[in-house]
Ligand code: URA
């Protein structure tokens, strides 16, 4: 094949045409093997952003990206496999209590996860704040941990051979303004999740200022596309649409979020984190065909037992104290009243500037950096009381974080009996009916 093929494919999509299965297979294969240049794939990605792809094209694009690498197979495990993927939000530490909880319910949870880029944190970065914990697990060891009835969940780094076309394409999209496309986002996420070998998948599609998809309609369209891609590939898939206008829980930042996840496993923790953990667990357990109540498994300590085993299995010490920041600064509430807005995106950017996230792939992150919220939406606050505490190893980051938060909160006069205007974080559900 010659570069001429790339040009005709780009032109076809640029002019609003449908790409054939053969054109899609060729483009992904040629890009993976360096025969289609980065600038050509960037042009094709931009044409897709502007012209879209239909269901057939998107399914074929996804399959071609899966076929660019290895597809794991866990069908011989003694337990049903099920995984969760979140489209990313601020303070989203749900995987941490969820994976051991669902494992304790009897499923195997093979989660190949990523490191964070930009202001939404990555699960691996969070877990790496636990002394000794390692993300790099060989496939044989992964299988052993998944088979161990006392563990049953692995959260580890995806190997280089898992959907390599997506890895290259995502890096390119990140620098060419071509991330924001439902077919490209959906195929990127689903190619990795399908290649990971899970039989069932629950998607947490975030909606709001701290999410990829700011509106509910866009989030619904993304969720529908991903659920269809799962069905097309034989992976039972359900999506929940959940609110991401306000950070989840009371912490954003790596070690801070691990501590909060442990509170949830110990039977406490913020109401929204507990609600979302249980809602996703119920969906996962149902898709795995298990008849177990996750709320009981959380309450009786079995989920915590699985957490401890799972952390040890990856070299971590579940009893070691988590690291704490050398510098903190507390910002007071500017007025008295009800906190009616606490902007997720602003808190995410502040945590990122404090050192919790990275600007470029491969940058280090600070385990201890982040933001603790002393109140959340719906709470009554008094002028001068602590509202947010900034944590960092690099005090010169504090002014940038303060600046990010300068318009992050709205405090309204004492209102409506202090009722929580936030309500449930679960906004909608897409996929087959629960049995
Ligand atoms: N996450 C991914 O893995 N891919 C995207 O395109 C967007 C978010």
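Taken together, the values in this text are just the output of simple stated rules run on the coordinates, not laboratory data. Model, not experiment: these values are computed from the prediction. A quick note on method: Cβ atoms are made from the backbone with ideal geometry, for glycine too, and the neighbour counts reach across all protein chains shown.
Build a GNM of the chain with springs between Cα atoms under 10 Å apart, and of 107, 135, 37 the one that fluctuates most is 37.
Once you sort the root eigenvalues of the Cα gyration tensor of segment 290-435 as a ≥ b ≥ c, which label holds: rounded (a/c under 1.5), prolate (a/b larger than b/c) or oblate (the other case)? Because a/c hits 1.5 or more and a/b fails to exceed b/c, segment 290-435 counts as oblate. A Gaussian network model of the chain, with springs between Cα atoms under 10 Å, assigns the largest mean-square fluctuation among 153, 261, 299 to 299. Extension gain, residue 176-residue 157: 0.36 nm per intervening residue step, less the Cα-Cα distance, totals 4.3 nm. At what distance in angstrom do the alpha carbon centres of segment 110-145 and segment 147-210 lie from each other? That distance is 13 Å. Among 114, 357, 210, the residue with the largest mean-square fluctuation in a Gaussian network model of the chain, with springs joining Cα atoms closer than 10 Å, is 114.
Would you work out if segment 1-120 is rounded, prolate or oblate? Take a ≥ b ≥ c from the square roots of the eigenvalues of the alpha-carbon gyration tensor; rounded if a/c is under 1.5, else prolate when a/b is larger than b/c, oblate otherwise. It comes out prolate by the Cα gyration axes. Treating r as the C-beta distance of residue 217 and residue 434 and R0 as 25 Å, the FRET efficiency rounds to 0.60. Is segment 98-207 best put as rounded, prolate or oblate by its Cα gyration tensor, with a ≥ b ≥ c the root eigenvalues, rounded for a/c under 1.5, and otherwise prolate when a/b is larger than b/c, oblate when not? Prolate shape, in that a/c is at least 1.5 and a/b is the bigger ratio. Placing pseudo-labels 7 Å out from each Cα toward the beta carbon at residue 312 and residue 50 gives an inter-label distance of 5.9 nm.
Using just its DSSP H runs of length 4 or more, each adding -39500 (n - 2.57), the chain gives a mean residue ellipticity at 222 nm of -12500 deg cm²/dmol after division by all residues.
Taking only the alpha-carbon positions of the chain and ignoring solvent, what does the Debye formula give for the base-10 log of I(q)/I(0) at q = 0.06, 0.09 Å⁻¹? Relative scattering, expressed as log10 I(q)/I(0), comes to -0.25, -0.57. Between helix 164-176 and the chain there is an angle of about 70 degrees, using the helix long axis and the longest principal axis of the Cα atoms. Against the longest principal axis of the chain, how steep is helix 3-14, in degrees 0 to 90 to the nearest 10, with axes from Cα atoms? Tilt relative to the chain: about 60 degrees.
Using 0.36 nm times the number of residues separating residue 380 and residue 328, minus their current alpha carbon distance, what extension gain do you get? List each step's numbers first, then the result.
Values: separation 52, 0.36 × 52 = 18.72 nm, distance 2.38 nm.
Gain on stretching residue 380 to residue 328: 16.3 nm.
The angle separating the long axis of helix 55-67 from the principal Cα axis of greatest extent in the chain is about 90 degrees. For the chain, DSSP calls about 55 percent of its internal beta bridges antiparallel. Relative contact order, whole percent, for segment 1-68 stands at 44, derived from Cα pairs under 8 Å and 6 or more residues apart.
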